[in-house]
Amino acid sequence: VQVAESGGGLVQAGGSLRLSCAASGRTFSSYAMGWFRQAPGAVRLLVAAITCSGGNTIYADSVKGRFTISRDNGKNTVYLAMYLLKPEDTAVYFCAQSRAGCSTENFRNAYWGQGTQVTVSS
């Protein structure tokens, strides 16, 4: 399984970015996908996750109303649209594919990408 993120970069506070994540090696539509982030010196935390069909999503409280997760099963890709970015959103963003099916509740032993840096300047 390969998972690869793209779309990070430097943006000013209040700006927007869209991250993309392509996964291959398994039937993409059979697994939940998630975005996580890790700031320097901090633990990796869930940002958003989406079920197999895209019908259900969950978000961290800190990003609700600003970030949107979506997926295109025809393109084996999941997206994270980020709006009204804040300096505290600065982190390495990781994409993960669940090993456990369609639930957004279990990313234990997930397949991970290498991460993409998002930096928000004040």
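The values are calculated or read from the model by the stated rules, or taken from the named source; none is laboratory data. Predicted model, so just to flag it, every value in this text is computed and none were measured. Quick reminder, even Gly has a Cβ in these numbers, built from the backbone with ideal geometry, and neighbours come from all protein chains shown. Heavy atoms of the whole protein, side chains included, go into the accessibility calculation; ligands, DNA and RNA do not. Shrake-Rupley method; radii C 1.70, N 1.55, O 1.52, S 1.80 Å.
Any idea which of Ser62, Ser20 is assigned to a loop (DSSP other than H, G, I, E, B) and either among the hydroxyl-bearing types (Ser, Thr, Tyr) or open to solvent by less than 20 Å² (accessible area, probe 1.4 Å) (or both)?
Ser62
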Among residues of segment 75-99 being touching a Gly at 6+ places or on another chain (Cβ under 9 Å) and of a type in the set (Ser, Thr, Tyr), the residue farthest from Phe36 (Cα to Cα) is Tyr83
Quick check: is even one residue across segment 64-78 in contact (Cβ under 8 Å) with a residue 40 or more places away in the chain, β-branched (Val, Ile, Thr) and touching a helix residue (DSSP H, G or I) at 6+ places or on another chain (Cβ under 9 Å)?
yes
Here the residues within segment 23-41 that are open to solvent by 40 Å² or more (accessible area, probe 1.4 Å), closer than 14 Å to Val118 by Cβ and either touching a Pro at 6+ places or on another chain (Cβ under 8 Å) or in a loop (DSSP other than H, G, I, E, B) (or both) are Pro40
When segment 65-83 is checked residue by residue, the ones that are more than 15 Å from Ile50 (Cα to Cα) and surrounded by fewer than 15 Cβ atoms within 10 Å (Cβ to Cβ) are Gly65, Gly74, Lys75, Tyr83
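Check whether at least one residue in segment 84-91 is touching a Ser or Thr at 6+ places or on another chain (Cβ under 6 Å) and loosely packed, with under 14 Cβ neighbours inside 10 Å, and report yes or no.
Scanning segment 84-91, I find at least one residue that is touching a Ser or Thr at 6+ places or on another chain (Cβ under 6 Å) and loosely packed, with under 14 Cβ neighbours inside 10 Å, so the answer is yes.
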